[in-house]
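Okay, so here's the structure we're looking at.
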Amino acid sequence: MSEHRIEMIVNGQKRLANVEARRTLSDFLRIDAGKTGVHVGCEHGVCGACTVIVDGKAVRSCLMLAVQADGAVVTTVEGLAGPDGALHPAQQALREAHGLQCGFCTPGVVMTMAALTDAVNPDETTLLDAMSGHICRCTGYQGIRRAARALAGQVVNGETP
């Protein structure tokens with residue numbers, strides 16, 4: 001298998017590595033970078049648990065190869081909170097709305113909400129539509145929906161007004 005030298009910024013830190021061409025971004029982040037908040041559920045891009053932010057966009061890291069992220073800025077759930085430990089508005093909304101239970105899907109849900117709220121001022125429909133790409137077997141989705149409603153129109157560029 002051919003190896004490729006890649007470089008990316010992961011949660012604000014430069015990462016250099018030699019990776020096989022077939023290594024997924026999720027495996028690279030979990031195994032090589034130690035970012036175990038990237039959960040791997042289905043490995044088909046269906047469940048959304050592996051969602052991370054790459055260059056400002058939410059992506060399924062199980063469907064992206066690590067070599068495709070060469071030169072990118074990648075944020076995982078571990079890099080979302082502020083330097084002082086303050087939760088991102090998406091994390092805070094899920095916490096307040098009890099939008100998590102076992103926690104397996106939570107990082108992916110948080111990353112999708114964060115990518116949207118950091119880029120635009122999403123309305124409720126936009127957030128709820130984005131959540132349709134996530135499978136949660138524990139919560140019944142009501143807490144996640146409450147968090148999306150709370151975030152809708154209240155977050156601009158990752159900041160609450």
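The values are calculated or read from the model by the stated rules, or taken from the named source; none is laboratory data. In this text the structure is predicted, and so the values were computed from the model without any measurement. Cβ: placed from backbone, ideal geometry, glycine included. Neighbour counts: every protein chain shown. What goes into the accessible areas is simple: the full protein's heavy atoms, side chains included, and nothing from ligands, DNA or RNA. Shrake-Rupley method; radii C 1.70, N 1.55, O 1.52, S 1.80 Å.
Relative to its Kirkwood radius, the Cα radius of gyration of the range 67-161 gives an Rg/Rh of 0.96. Normalised by the number of residues in the range 1-131, the average gap of Cα pairs under 8 Å and 6 or more apart makes the relative contact order 26 percent.
Full extension of the chain between H4 and R137 gives 44.1 nm of extra length, using 0.36 nm per residue less the Cα-Cα distance.
Give me the 1.4 Å probe accessible area per residue for the chain, excluding ligands and nucleic acids, in Å².
51 Å²
Our summary gives the range 22-65 a relative contact order of 42 percent, counting only alpha carbon pairs under 8 angstrom and 6 or more residues apart. Placing +1 on the Cβ of every Lys and Arg and -1 on the Cβ of every Asp and Glu, with nothing else charged, gives the chain a dipole about its Cα centre of roughly 320 debye. When each of the peptides 53-65, 36-48 is scored by how many other beta carbons lie within 10 Å of its residues on average, the order from highest to lowest is 53-65, 36-48. Derived scalar couplings between HN and Hα for the range 92-105 equal 5, 4, 5, 5, 5, 8, 6, x, 8, 9, 6, x, 5, 7 Hz in order, rounded to whole Hz, by the Karplus curve 6.51 cos²θ - 1.76 cosθ + 1.60 (θ = phi - 60°), x for Gly and Pro.
For the Cα trace of the chain, dividing Rg by the Kirkwood Rh returns an Rg/Rh value of 0.98. The dipole here belongs to the range 19-61: it is taken about the Cα centre, uses +1 on the Cβ of Lys and Arg and -1 on the Cβ of Asp and Glu, and is about 80 debye.
Coupling constants for the range 141-152 follow from the phi torsions by the Karplus curve (6.51 cos²θ - 1.76 cosθ + 1.60, θ = phi - 60°), and in residue order they are 6, 5, x, 5, 5, 4, 5, 4, 4, 5, 6, 4 Hz; glycine and proline get x.
Charge tally for A150 (other residues, Cβ to Cβ under 12 Å; Lys, Arg +1; Asp, Glu -1): +2. The alpha carbon gyration tensor of the range 1-86 gives principal lengths a ≥ b ≥ c with a/c of 1.5 or higher and a/b no greater than b/c, which makes the shape oblate. Heavy-atom surface analysis with a 1.4 Å probe gives the chain a carbon and sulfur content of 49 percent of its accessible area.
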